[in-house]
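Next up is a structure, given as structure tokens.
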Amino acid sequence: MKTGQVFKIFAVLLCAILILQPAASASLFAKDVRIVNMAAIKNPDDLMLSFKVEGAFRENLEQAVLSGALTTFSFCIIISESRGVLANKKVLQINLTNTIKYNNLKNDFTVNRSWEDNKPQVTESFEQAKQWMSEITNLKLMPLSHLQKDVDYQIKVKAELDNVTLPLVFNYIFFFFSLWDFETNWQTIRFVY
């Protein structure tokens, strides 16, 4: 083999390793992120939902947040009427976002949650900010009057790291940053109204 051919083979293998290795690591990371403690609550008037995202804040995501990256978690919630062998009938779909931004001059975190009218919540505690990002508590889904008695319903929830906006200087340094993204599997609970 000529030196040029060996170099080409080596370059192709190196590129494959650089592309596939982070993708494999990202998919392993994504499997560790999941929806837990999901509960549907029927208060006197409304159907409410609570859940938590577990395993999202790994070291690389924490470092990105602490570097000032604007980070968004997106949640998709679907309520369907279960109809046996027939396709489920979608009753409601809600898309929510939680966003975190660290201000290193003030040494505080601002979390905006779309389901709370994006009212900024500010804390100096990274643990508190991570909790606000990862939990949805007592979310009003819909009035119970919109549900039918004795009908089987299911609520499905999925979460994902929607985007991480790095300061312009870092966009070139963190070329593979998007490979740190995650998307959970659908978590489903059923209930009869």
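The values are calculated or read from the model by the stated rules, or taken from the named source; none is laboratory data. No experiment lies behind these values; they were computed from the predicted model shown. Using ideal geometry, Cβ is built from the backbone for each residue, glycine included, and neighbour counts are taken over all protein chains shown. Quick note on the areas: whole protein, heavy atoms, side chains included, nothing else; ligands and nucleic acids left out. Shrake-Rupley method; radii C 1.70, N 1.55, O 1.52, S 1.80 Å.
What residue, among those in region 97-134 that are of a type in the set (D, E, K, R) and surrounded by fewer than 11 Cβ atoms within 10 Å (Cβ to Cβ), is farthest from GLY68 (Cα to Cα)?
Looking at the filtered set, the residue picked out is ASP117.
Go through (1) of a type in the set (D, E, K, R); (2) open to solvent by 40 Å² or more (accessible area, probe 1.4 Å); (3) at pLDDT 95 or above for ASP150 and report which single condition fails.
The number of the failed condition is (3).
Pull out all pairs, ordered by first then second residue, where Cβ-Cβ is under 6 Å, the residues are six or more apart or on different chains, the first lies in region 55-67 and is under 14 Å from LYS101 (Cβ atoms) and open to solvent by less than 40 Å² (accessible area, probe 1.4 Å), and the second is among the aromatic types (Phe, Trp, Tyr) and outside any loop (DSSP other than H, G, I, E, B).
VAL65/TYR102
Is it the case that region 82-90 has a residue that's of a type in the set (S, T, N, Q) and within 17 Å of ARG190 (Cα to Cα)?
Checked against the condition, which is being of a type in the set (S, T, N, Q) and within 17 Å of ARG190 (Cα to Cα), region 82-90 yields at least one hit.
Given the conditions (1) among the small types (Gly, Ala, Ser); (2) open to solvent by 70 Å² or more (accessible area, probe 1.4 Å); (3) touching a residue at least 40 places away in the same chain (Cβ under 8 Å), and given that ALA87 satisfies all but one, which numbered condition is not satisfied?
For ALA87, the failing item is (3).
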